[in-house]
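The values are calculated or read from the model by the stated rules, or taken from the named source; none is laboratory data. Predicted, not measured: the structure shown is a model, and the values here were computed from it. Cβ: placed from backbone, ideal geometry, glycine included. Neighbour counts: every protein chain shown. To get the accessible areas, we keep the full protein, side chains included, count just its heavy atoms, and leave off ligands, DNA and RNA. Shrake-Rupley method; radii C 1.70, N 1.55, O 1.52, S 1.80 Å.
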Amino acid sequence: MPRRKQTDAPRLRTRFDVAAYLESAGPARKVEKYRRGAVVYAQGDPGDDIRYLQKGAIKLSVLSRIGKEAVVAMLVPGDFFGEGALAGQSIRIGTATAAVASSVLTIEKDTMLKLLHDEPAFSDHFISYMLTRNMRIEADLVDQLFNSSEKRLARTLLLLARYGHANPSRTLPKISQETLAEMIGSTRSRVNFFMNKFRKLGFIEYNGGLKINSSLLSIVLHD
């Protein structure tokens, strides 16, 4: 009796490694390095890709018709930006500038759309990020409306240090007091006053960078 041929068992699909994908270059995606002060993209540029910050810090700003600049966000590693391209935003509505030396992954728009459609793990990661960011934007609005500039500064420093995340970065890259003032809607002199106060109280330390201690939370939580 002829021996039956053994058929191959169906191959299981390997789980998509989101972290590895976002930390490397490959087809339809590239990693670019930017020195401090370099423009990643400018307001009015074509919006045909999505960016992901691997290392460093990126300042997002908007320039009004009368030439006044407003800082709308400071991005940290793990943040996406330029995602308006996915919603039909054909031009950039703001400027992205490297606040420190930064590494940025560029993903082509069509590739990003395919990832969101074909890779559930990536889609879950991106949706979770967007929901978290929307919550942060709402909290930012409340912060601007109801909190003092001292509390806004403390909260901004904690956000930049990613407190509340699994792997917070306690030491921040150098960020100018002018930029911090723009972010919280205050003046450089007020920021300088509060930073000196935070340092004297042991909430922050200067040791080649800016170290944020968890005790700074007391400023945010204090009524």
Among (1) at pLDDT 85 or above; (2) open to solvent by 60 Å² or more (accessible area, probe 1.4 Å), there is one condition residue 221 misses while meeting the rest; what is its number? (1)
The stretch 125-149, subset more than 29 Å from residue 46 (Cβ to Cβ) and of a type in the set (Asp, Glu), residue modelled with the lowest pLDDT: 143
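Could you check how many residues of the stretch 55-91 are within 17 Å of residue 181 (Cβ to Cβ) and open to solvent by 20 Å² or more (accessible area, probe 1.4 Å)?
Selection size over the stretch 55-91: 8.
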Which of (1) closer than 25 Å to residue 210 by Cβ; (2) of a type in the set (D, E, K, R); (3) open to solvent by 40 Å² or more (accessible area, probe 1.4 Å) does residue 51 not meet, given it meets every other one? (3)
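Could you please let me know if residue 202 is loosely packed, with under 14 Cβ neighbours inside 10 Å, at pLDDT 85 or above and in a loop (DSSP other than H, G, I, E, B)?
Yes.
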With criteria (1) in contact with a Phe, Trp or Tyr (Cβ under 6 Å, 6 or more places away or on another chain); (2) more than 19 Å from residue 42 (Cβ to Cβ); (3) buried (at least 19 other Cβ atoms within 10 Å of the Cβ), residue 102 comes up short on (2)
If I go through the stretch 105-114 residue by residue, how many of them are open to solvent by 50 Å² or more (accessible area, probe 1.4 Å) and of a type in the set (A, V, I, L, M)? 1
So, first residue under 30 Å from residue 170 (Cα atoms) and modelled with pLDDT under 85 in the stretch 61-86, second residue assigned to a strand (DSSP E or B) and hydroxyl-bearing (Ser, Thr, Tyr), Cβ within less than 7 Å, six or more apart or across chains; the pairs are 69/61; 70/61; 71/61; 72/61
